[in-house]
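Enquirer: Please read through the structure below; I'll follow up with questions.
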Amino acid sequence: MKSMELVGLNTKYYRYQQRLTQEQYANKTKFKIAYISTIETGDANLTCKNIDSIAESLGIKPADLFNEETAKLAKKLPPRVDMYK
């Protein structure tokens, strides 16, 4: 997996763990919802500053955003957080 995809999938995975919708997470991070979506689809070319912001907002280390195992788990998540149990 490429770095952008890893970061995107892991962002989604940890956001789901906190049961946050993209809208709730956008409010928490001050990023726009469209940007959250772009990150999670692996289409955002993030700066180190934004990677640090994402990790801090999720309460994880920046290195956790590059974990292939959690990224694979994220691929199995439902399309919406309210469907996650």
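Enquirer: I need the full set of residues from region 56-85 which are among the hydrophobic types (A, V, I, L, M, F, W, C), at pLDDT 95 or above and not in a helix (DSSP H, G or I), in order please.
Expert: Residue satisfying the conditions is ILE60 alone.
Enquirer: In region 62-85, how many residues are exposed (fewer than 12 other Cβ atoms within 10 Å of the Cβ), free of Cβ contacts under 8 Å to residues at least 60 places away in the same chain and charged (D, E, K, R)?
Expert: Total satisfying the criteria: 4.
Enquirer: Turning to a different aspect of this structure: Which one is surrounded by the most Cβ atoms within 10 Å (Cβ to Cβ), of the residues in region 1-55 that are of a type in the set (Val, Ile, Thr) and not in a helix (DSSP H, G or I)? Talk me through it step by step, then tell me what you get.
Expert: To start, the set of residues in region 1-55 that are of a type in the set (Val, Ile, Thr) comprises 7, 11, 21, 29, 33, 36, 38-39, 41, 47, 51, 54.
Right, trim to not in a helix (DSSP H, G or I) and you get 21, 41, 47.
Values: THR21: 15, THR41: 13, THR47: 9.
Among those that are of a type in the set (Val, Ile, Thr) and not in a helix (DSSP H, G or I), it is THR21.
Enquirer: Still on this structure, I have one more. Every residue in region 34-50 that is touching a Phe, Trp or Tyr at 6+ places or on another chain (Cβ under 9 Å) and farther than 19 Å from LEU77 by Cα, please. Walk me through it before giving the result.
Expert: First, the residues of region 34-50 that are touching a Phe, Trp or Tyr at 6+ places or on another chain (Cβ under 9 Å): 36, 39, 44, 50.
Scanning region 34-50 gives ALA44, ASN50.
Enquirer: Kindly provide the set of residues from region 15-44 that are modelled with pLDDT under 95 and among the basic types (Lys, Arg), ordered by number.
Expert: Matches in region 15-44: ARG19, LYS28, LYS30.
The values are calculated or read from the model by the stated rules, or taken from the named source; none is laboratory data. No experiment lies behind these values; they were computed from the predicted model shown. FYI the Cβ positions are ideal-geometry reconstructions off the backbone, even for glycines, and counts take in every protein chain you see.
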